[in-house]
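What follows is a set of notes on a single structure, which appears directly below.
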Amino acid sequence: MMSIYEILSILFCLIGGFFFLAGTLGLIRFPDTYCRLHALTKADNLGLGFIVIGLIFVSGSVPEVIKLSLIWFLALVGSSSACYFIGNHIHLLSKVRENRNGPDI
Amino acid sequence: MTTLLIYAFTSIILFSIGLFGLVSHPNLIRKIVSLNIMGGGAFLFLISLAYHGRSPDIDPVPQAMVLTGIVVTISATAFALCLTRRIREKTGQCLLEHCPDKPET
Amino acid sequence: MPELLILVPFTGALLCFLFPGHIRDVIGLLCAVLTFVASIILTGNIYQNGPIRLNLGGWKEPLGIGMCVDGLSVLFIFLTGIVGLLVSLYSVSFFSKANNQSLAKHFWPLWLFLWGSLNSIFFVSDIFNAYVVMELISISAAALAALSGTNASLIAALRYFLLAMAGSMAFLLGVGFLYAQTGTLDMYLLGAVTDGGPLMAMALGLMTVGLIMKTALFPFHFWLPPAHGEAPAPVSAVLSALVIKGSFYLLLRIWCTVFQDTTASPQTATLLGLLGLTGVIWGSYQAIIQNRLKLIIAYSSVGQVGYLFLLFPLVFITLDPAWKIEAWTACVFQTISHGLAKAALFLAAGNLIHATGTENLKSMRNIADRLPMTTFTLALAGVSLMGLPPSGGFVAKWMLLQSILASGQWWLAAAPILGGLLTAAYIFRILSQAFVSDDQISCCGHVSFVMEKSALLLAIFSILIGFRSKEVIFLLSEQVYFVIQGGIIP
Amino acid sequence: MGLIFDLIIGLSLAGVAWRIVRVREHFQAIVLFITFGLLLSLAWTRLKSPDIAIAEAAVGAGLAGVLLMDALGTLSSTRNQPLPGRFLQLFIPCLFLAGLMAYTILFIPADFQGLGPMVSEALPDTHLEYPVTAVLLDFRGYDTWLELGVLLVAVLGVLCVRQAGTIKGSMLPAPAEPVGRWIIKLLLPLMVLIGGYLLWLGAFAPGGAFQAGVVLASGGVMLWQAGHPSLALLHHVWWKILMISGFVFFLILASSSLLYNQQFMTHPEAKMWILGVEYAATLSIAICLISLVLASPARNQGDQRARKTES
């Protein structure tokens, strides 16, 4: 017999899994890097958040809850800044390319 | 027993793949990456043994050996990469082919 | 006492890393002298009192790491001590030259680290510890090989280093296989395990291949000539005389203690002997056709290393224990006399190159007139390499030939005979250029007293060791932890 | 259930390794290598070795990735590298070797014991509660000492290859980025906290000098990557002293054991020295790893080239 918490936990983890799947699909199918970044950071963070919520339901103690939330928070910080760096780099690269093409034409 | 077998087989495969990469790739960075895969294989073998031991706890000796090994390998990798960069800087390529020195002053 | 041999060089290396300028030379030299004295005392100690074993941290063997010091280790320690001291003396003078000054800063800490780790590999009695020490040796040796900073030396150093790392990885996996079979890491406990089995055989294969890669046995010799030939003279001397001996020592130790009774098969031993034989002929032939002095000497190392591997078929196939011991002694003797002679040759070559400013054999004419001392050194070291009496090389090759004939493996006799002739060919090639008088070449730079004398002393030692063969044989047959016939002295 | 998980990890490890070796682009290979490191640390976790998982995640995936990326950055053209020829000549021997070793593995004795029971028996004598730390710092302290030596020699070797006197020359931070500065402010205190926590934990739970050292090192590398000049503020003499501190601590211990006429490398029975060794080792592991990453010979030239292309 499963408790309501366990059922909720499984449900949230499944939802999280779905978002991860969607994010991965986006990573594979989207045409350029900006879109891919978009898919990765948004969908995956959401997926991770749902999984964390799902795990919080079955966690035993308060420190565990804090640790889980910290994981989500750190992943958010990491992925958003990584997204910024990648996006910025690509932006700069395209600018350099434009400049290079300019005098050639 | 079977967990041991799965990981031990994986470790052997990793070691051989690393060896194959080391001998087949002319590029130095790829050679160094392959060496690291070889190292990963050897470490995995030791840890799968540690897990396999009869006592209830994991055998700590292979764990300590692998920790030592990881630090040794990263030092060696850093040193090899530094040599590679220096070679790249001086000869303009990342290969082990001999390149005559510029006449020294 | 054995602890000091590790502590002193390491302390010296740290101090050399911290202090600038001339203090560094003084510290380095002081440590070299201290280590030398310690190695002489230790050798005497072991000669009189027999082997000792230390348990580090006071923990008994399967748990803690042991250190074992026996006749075999002290012979290598002794070799390292002499070569180390004289190379250190030489380098004080060598690196004080204007164009080399900045190199001394890197040379001293690395060299002392290398010395300390070589000493600790000669005490090794734990196979994982051996892996760590080998990495220490490879990194410091590769860094030293890259010291001169030319393109060729960088590439040679990296090639050596990649090979050495691959060898270490194979060794590490071998350690894993041994641990899986026996659950211990101590060499002597491993030797006490009697059931062989495929795990032990695989471990033997992996470890042997890993170590012969580092020792530059024939199919894996390709890294050696460039790495040793491109380094500065004192570094080449150390690399050729000591570093390859470190991995050879480990190979000997492992074959004689861990695998002797269980796994070492005649086929593997024959294969190693065959590779050694090929190495002798191929290396010596290559040495003859080279034109650069240091490359000749480096290829000669390939050849001389080949001799060492004749030990395996002789010791592991021969039946008569007396001849086994003879062959065993011969090969270790060869290691020592080659180490001394090769170091002398490289240092002398460094003097010549320093004086003439070129490495080309052809443009080194008439040096006998101008650098008689260095020419004499070359000749003396050459005598030992060729194996003419009464040098150390002669004793080694004579015993080797005797035991080959006694063992009935006739084909092995090709190595000392052909190898000796080919060695004579390239040594005379160097010397003949030395005596050609050529008035057009007028040089040359001044070679300092210390540089000439330290090379000469090494050459003299390589001859003199021939007169001390009794003591060496005693150390190798009585004062070792294992006996050649099999089994362990409790 | 566990077996399926093991199989998935094993297969993906092998698959990723194969891709790393066979993929055309170097950049892709390095990204895959970072993935490989993460997968390996997953395997360590599964094999109940959290210490190694931490170290692998920080070293194998983190620092090695930074090092490789940095080295790759100096390669101008990474695209369209031809795959090496002679595929079969090399592949078949490797396959043969793999088959041989795989066959050997079947002979691992089922009653394999290892040294685990012996360690737990002797554990009370060490005054430590966590066996891995006890093995590292006490039973096999000599290995750990030499391993600190390997780190130090690698730094010396890097200096030698660069023909540079100190690590200081390359300590110029990367150009500052607003987001980078922000993330540093947020994450660095956390990393220092985690490092300290791991260090403190080592006496009785997974954690210890290595793990703390590599986490601190990753923090330091991040600090530098983000363009923060604080690392360069440390005087180079102090830098050297911190770098050798772990090795020196062991050296002092080993020498003092000789003075007391005890066995080599024995220590007085006090927790103080173990703590001292751990702290010193952590610091020197961190500083040495940071130096290894920062001492990149082509950096200055590469920056100049980049500036040229920008202007």
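The values are calculated or read from the model by the stated rules, or taken from the named source; none is laboratory data. As the structure is a computational prediction, the values presented were derived from the model and not from experiment. Virtual Cβ from ideal backbone geometry, glycine too; neighbours counted across all protein chains shown. Quick note on the areas: whole protein, heavy atoms, side chains included, nothing else; ligands and nucleic acids left out. Shrake-Rupley method; radii C 1.70, N 1.55, O 1.52, S 1.80 Å.
Couple of notes before you dig in:
- Contact order, relative form, for chain C: 16 percent (alpha carbon pairs under 8 Å, 6 or more residues apart, mean separation divided by residue count).
- P(r) histogram, all alpha-carbon pairs of chain A included - 10 Å bins from 0, percent: 15, 32, 26, 15, 7, 4, 1, 0
- All alpha carbon pair distances within segment C:328-373 were sorted into 5 Å bins beginning at 0; the resulting P(r) in whole percents reads 5, 20, 21, 18, 10, 10, 9, 6, 1.
- Across all directions, the shadow cast by the convex hull of chain C built on its C-alpha atoms averages 20.4 square nanometres.
- Qualifying lysines (Cα of each under 16 Å from Cα of residue A:95; at least 8 residues distant if same chain): D:308
- Annotation: lysines with alpha-carbon distance below 24 angstrom to residue D:48 (same-chain offsets under eight excluded): A:67.
- Between chain D and chain C, the total buried accessible area stands at approximately 4600 Å², from heavy atoms with a 1.4 Å probe.
- Using θ = phi - 60° in the Karplus curve 6.51 cos²θ - 1.76 cosθ + 1.60, the 3J(HN,Hα) couplings for segment D:210-219 round to 5, 4, 4, x, 6, 5, 4, 4, 4, x Hz; x is entered for Gly and Pro.
- 24 Å Cα-Cα threshold exceeded, pairs from C:245/C:294; C:97/C:453; C:294/C:453; C:294/C:362; D:185/D:240; C:214/C:470: D:185/D:240; C:214/C:470
- Packing, as the average of other Cβ atoms within 10 Å across residues, places the peptides D:202-209, D:150-157 in the order D:150-157, D:202-209, highest first.
- Inter-chain shielding of C:293-301 (mean C-beta neighbours from other protein chains, 10 Å cut-off): 0
- Karplus-derived 3J(HN,Hα) values for segment C:198-213, using 6.51 cos²θ - 1.76 cosθ + 1.60 with θ = phi - 60°, are x, 4, 5, 4, 5, 4, 4, x, 4, 5, 5, 4, x, 6, 6, 4 Hz; glycine and proline are entered as x.
- Within the accessible area of segment D:1-74 (1.4 Å probe), percent carbon and sulfur: 75
- Most tightly packed first, judged by the mean number of other beta-carbon atoms within 10 Å of their residues, the peptides D:275-282, D:254-261 read D:275-282, D:254-261.
- Chain A: relative contact order in percent, alpha carbon pairs under 8 Å with at least 6 residues between: 29
- Scattering curve values for the protein assembly as shown, log₁₀ I(q)/I(0), Debye with Cα scatterers, q = 0.10 Å⁻¹: -1.22
- For the protein assembly as shown, calculated [θ]222 nm from helices alone, where every DSSP H run of n ≥ 4 adds -39500 (n - 2.57): -25000 deg cm²/dmol
- Shielding score for C:51-63, defined as the mean number of other chain Cβ atoms within 10 Å: 6
- Taking θ as phi - 60° and the Karplus parameters 6.51, -1.76 and 1.60, the scalar couplings of segment C:295-306 work out to 5, 4, 5, 5, 5, 4, 4, 4, x, 5, 5, x Hz in sequence order, x denoting glycine and proline.
- Packing rank of C:366-375, B:68-77, A:65-74, where each peptide gets the mean count of other beta carbons within 10 Å, highest leading: B:68-77, C:366-375, A:65-74
- Solvent exposure of chain C as accessible area per residue, Å², 1.4 Å probe: 28
- Cubic angstrom per residue, convex hull over Cα atoms of segment D:1-74: 62
- Calculated FRET efficiency for the pair residue D:87/residue C:45, C-beta based, R₀ 51 Å, to 0.05: 0.35
- Radius of gyration and maximum dimension Dmax of chain D, Cα, Å: 22.3, 69
- Segment B:2-91: relative contact order as a whole-number percent, Cα under 8 Å and 6+ apart: 28
- Where D meets B: accessible area buried, both sides, 1.4 Å probe, Å²: 7000
- Within the straight-line cut-off of under 24 Å between alpha carbons, the lysines reachable from residue C:60 are D:271, sequence neighbours fewer than 8 places apart in one chain being disregarded.
- Dipole in debye (nearest 20) - segment C:266-490, about Cα centre, beta carbon charges: Lys, Arg +1; Asp, Glu -1: 220
- Converting the Cα gyration tensor eigenvalues of segment C:266-490 into ellipsoid dimensions via √(5λ) gives semi-axes, longest first, of 36, 18, 12 Å.
- Peptide D:254-261 has a mean shielding of 3, counted as Cβ atoms of other protein chains within 10 Å of each residue's Cβ.
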